[in-house]
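Have a look at the structure below, then the notes.
Readers should treat all values here as calculations from the given coordinates under stated rules, not as data from a laboratory. Small disclaimer: the values here were computed from a predicted structure and weren't measured. Glycine also receives a Cβ, built like all others from the backbone with ideal geometry; neighbour counts cover every protein chain displayed.
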Amino acid sequence: MNLIKTTTVGGLVFMVPIVVIVVILGKAFELMLKVARPIDELIPIESIGGIAFVNLLALLAILLLCFVAGVIAKSPVARKFYQAIDSGLLAIPGYAFIKAYTDSMKLGETEAKSMQPVLVRLDDCSQLGFEVERLDNGLVVIYLPGAPDPWSGTVAYFDADRAKKLELSASEAISNLRQLGRGSQALQKEI
C-alpha cells in the first residue's frame with residue numbers, strides 16, 4: 001500500500017508542473033485569440049494549410065511574448081528576482097531534488113551540473129545517491145534518496161574517495177530506486 005501511495009504522490013509531483021504549463025498556455029491562447037480576431041478581420045486570408053489564420057496569429061503572439069519574456073529574464077534584475085524566489089522555494093522539502101531532476105532532463109544528461117548518480121561507500125555497504133556539489137575542503141555533498149520514493153531523502157557529506165561517479169543517467173538511477181533495486185543486474189558493471 002505504501003508503494004502505491006508514494007508512487008501516486010511522486011506522479012502527482014511530476015504532473016503538477018506539466019498541468020500548470022498546459023493550463024497557462026491554454027489561457028494564453030484564449031487571450032491571444034481575442035487579441036488576434038480584430039487583426040484577422042482586416043486580413044482577407046481565412047486559413048493557411050488548413051489552420052485558421054486567427055489561430056496562427058495567436059500562436060505567433062504567444063511566441064513573441066515568450067521571446068520578450070526570455071529577453072527580460074536575461075536582465076540582472078530579473079535574475080536577482082528569480083534567485084530570490086528560487087532560494088525561498090528551496091525550503092520546501094523535495095523542491096531542490098525535483099528542480100535538479102527537471103534541470104537534468106532539460107539540459108540533457110551530459111550537460112547536467114547536478115544529479116550526477118554516485119555510489120557512496122558506507123561502513124559495510126554502498127548506497128545509490130546523487131552528487132550535489134564538491135566543497136573546497138574536499139568533501140562531497142551527496143543527496144541520499146529514499147526508495148521507492150526518491151523525492152525524500154537526506155543530505156550527507158563524504159570524503160571524495162567514498163563517492164564513485166556512475167555512468168548512469170539520473171532517470172536510470174531513479175528508476176532503480178523506484179523498483180526497490182530490482183534490475184540492478186543490468187547496472188552491475190557500474191556497481
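Structure summary
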read-out: For peptides 162-168, 35-41, sequence by mean Cβ density within 10 Å, most packed first; value: 162-168, 35-41
read-out: Net dipole in debye of the range 110-187 [+1 Lys, Arg Cβ; -1 Asp, Glu Cβ; about Cα centre; nearest 20]; value: 180 debye
read-out: Extent along principal axes [Cα atoms of the range 137-191; Å; largest to smallest]; value: 36, 26, 14
read-out: Sequence ranges 150-158, 177-185, ranked by mean other-Cβ count within 10 angstrom, highest first; value: 150-158, 177-185
read-out: Rg and Dmax of the range 2-74, Cα atoms only, in Å; value: 18.0, 60
read-out: Centroid-to-centroid separation of the range 117-135 and the range 1-54 [C-alpha atoms, Å]; value: 41 Å
